[in-house]
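What follows is a short report on a single structure.
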Amino acid sequence: MNWHEHVDHYCERVTEAFWAEPANAVSNLSFVVAAWAIWRMARMQGRLPLRVGFMAPLMVLIGIGSFAFHTLATPWAQVLDIVPIGLFVLCYLAAYLREFYRLAWQWCLLGVAAFAGFTAAFIVFAGDYIPNRSGTYVPVLLLMLGLAVTMRASRNEGRAQHWVTFGAATGVFAAALTARTVDHSVCGSFPLGTHFLWHTLDGVLVFLVGRALVLHWQSERETAASSEAEARAVKEGV
């Protein structure tokens, strides 16, 4: 493979110029905005644990990597585009299992490995049937749907209260994946394409799921602090 050859995957690009995909490039600001919003939410709590603090930096890396690919349009830039997205999905799943279900880290990692295996199998057996290389992301949509459904069915109030957010995030991601998938098919009538909507809506997605994780972490932290204060008061009273 020539890592420096020019690649053209999207409607908007019709030349090899750096700014041949302005909408696709600039729309990556959605990830930076999401990162800023999540960081601002979480910074009031002081030092963040890694299971929460990883999100904002990875969101920024997603935006930077995708910007690089939609301007440089080379295979090595495509790696910068793909890797941060994959890392965010896997890290978020591990953090979700740890934060919402209080699983031991080895079980969280096992869950991540199982999802990675399912994704790989899906790509091998069904990826080619989905246009525009969107098959890679269908397992993520199924995962989002599964999280929303299990939250809705949960008897744990701490989890169940977030099902609307995850349901909305699933709908947003479905719309984003549709925009990514139909990009080539609309070139004739809409030369700009729809890939920029993939970026914009994914920025909304990462904000929604990131906000849910931060809010749950904050709630658990406040509950633990309250319990500790009550126990100390009882001890001092005795």
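The trypsin sites (Lys or Arg not before Pro) found in segment 7-49 that occupy coil by DSSP, while having at most 12 further C-beta atoms within 10 Å, are ARG47.
Heavy-atom accessible area, probed at 1.4 angstrom with all protein chains present, ranks ARG211, ARG102 as ARG102, ARG211, highest first. By the helix-only formula, in which each DSSP H run with n ≥ 4 contributes -39500 (n - 2.57) and the sum is divided by residues, the chain has a 222 nm mean residue ellipticity of -24500 deg cm²/dmol. Distance between the pseudo-spin-label points of LEU87 and LEU29 (7 Å out from Cα toward the beta carbon): 2.5 nm. Given R0 = 45 Å, the distance between the Cβ atoms of ALA104 and VAL164 translates into a calculated FRET efficiency of 0.95.
Near VAL149, once Lys and Arg are set to +1 and Asp and Glu to -1 for all other residues with Cβ below 15 Å from its Cβ, the sum equals +3. Under the definition of Cα pairs under 8 Å and six or more residues apart, what whole-number percent is the relative contact order of the chain? Over the chain, the number comes to 24 percent. To put it simply, the accessible area of the chain at a 1.4 Å probe is 67 percent carbon and sulfur.
Taking GluC sites (Glu not before Pro) in DSSP loop conformation with at most 13 other Cβ atoms inside 10 Å as exposed sites, the chain has its longest uninterrupted site-free stretch at 17-238. Per residue, the chain exposes an accessible area of 53 Å² to a 1.4 Å probe, with every protein chain left in place.
The values are calculated or read from the model by the stated rules, or taken from the named source; none is laboratory data. As the structure is a computational prediction, the values presented were derived from the model and not from experiment. FYI the Cβ positions are ideal-geometry reconstructions off the backbone, even for glycines, and counts take in every protein chain you see. All accessible areas refer to the heavy atoms of the entire protein, side chains included, with ligands and DNA or RNA removed. Shrake-Rupley method; radii C 1.70, N 1.55, O 1.52, S 1.80 Å.
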